[in-house]
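The next block holds one structure in the form of structure tokens; read it before the comments.
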Amino acid sequence: MSVESSAAPATLALTAEVRHNLFLAFKEILHNAIRHSRASEVNITLQTEPEGFALIVEDKECGFAIGPAAGQSFGSETADVRGHGLRNIRQRLAEIGGECEIVSQPGKGTRISLRVRLSEASR
């Protein structure tokens, strides 16, 4: 596992709700990387952005197809019957005014970006 940071942790004042939802989303992402992709390496990047910060987790392992044809309908009533992890990640970020972007391709790995606006996160 490698970790990169361009943010000074002391400058990120977050509410308890934001910390809680971000932690649970991050934990789910790592769980998925270990369980489903069997990743031997996971890269974690924390970077500042003009309006907040991004927490990016990526692996270069198996990846997966995204879209209803692959049983992935993030957040809809027809979510994948194997679990609700990805939908829950998106929902947790939405609850704190953040965004979740999932980019994955079979055989090429997965990159999940969690973006949080500090104006929303520090209220």
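The values are calculated or read from the model by the stated rules, or taken from the named source; none is laboratory data. Owing to the predicted nature of the structure, the values given are computational and were not obtained by experimental measurement. Backbone-built Cβ (ideal geometry, glycine too); neighbour counts: all protein chains shown.
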Worksheet item: From the residues in the stretch 68-77 that are modelled with pLDDT under 50 and out of contact with any strand residue (DSSP E or B) (no Cβ under 9 Å at 6 or more places or on another chain), which one is surrounded by the most Cβ atoms within 10 Å (Cβ to Cβ)?
Response: S73
Discussion item. Between a residue in the stretch 36-58 that is in contact (Cβ under 8 Å) with a residue 60 or more places away in the chain and more than 17 Å from L93 (Cα to Cα) and any residue that is assigned to a strand (DSSP E or B) and β-branched (V, I, T), which pairs come within a Cβ distance under 7 Å, given they are 6 or more apart or on different chains?
Written reply: S37/T110
Response to the item:
Taking the stretch 31-55 and keeping only residues that are within 16 Å of E101 (Cα to Cα) and of a type in the set (V, I, T), one is left with I44, T45
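If we keep just the residues of the stretch 31-62 that are within 13 Å of P106 (Cα to Cα) and either basic (K, R) or part of a loop (DSSP other than H, G, I, E, B) (or both), which is modelled with the highest pLDDT?
Step one: of the stretch 31-62, the residues within 13 Å of P106 (Cα to Cα) are 36-37, 59-62.
Adding the requirement that they be either basic (K, R) or part of a loop (DSSP other than H, G, I, E, B) (or both) leaves 36-37, 60-62.
Values: H36: 79, S37: 73, K60: 82, E61: 77, C62: 78.
Only one residue fits best here, namely K60.
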Practice prompt. Might you check whether a residue that is out of contact with any Leu (no Cβ under 6 Å at 6 or more places or on another chain), within 21 Å of I96 (Cα to Cα), surrounded by 13 or more Cβ atoms within 10 Å (Cβ to Cβ) and modelled with pLDDT under 85 occurs anywhere in the stretch 13-30?
Written response: no
Fill in: A65 vs. criteria at pLDDT below 90 and assigned to a helix (DSSP H, G or I)
no
Item to complete: Report yes if some residue within the stretch 78-97 is modelled with pLDDT under 85 and of a type in the set (V, I, T); otherwise report no.
Response: yes
Worksheet item: Looking only at the stretch 109-123, which residues are surrounded by 14 or more Cβ atoms within 10 Å (Cβ to Cβ), at pLDDT 75 or above and either assigned to a loop (DSSP other than H, G, I, E, B) or not basic (K, R) (or both)?
Response: G109, T110, I112, S113, L114, V116, L118
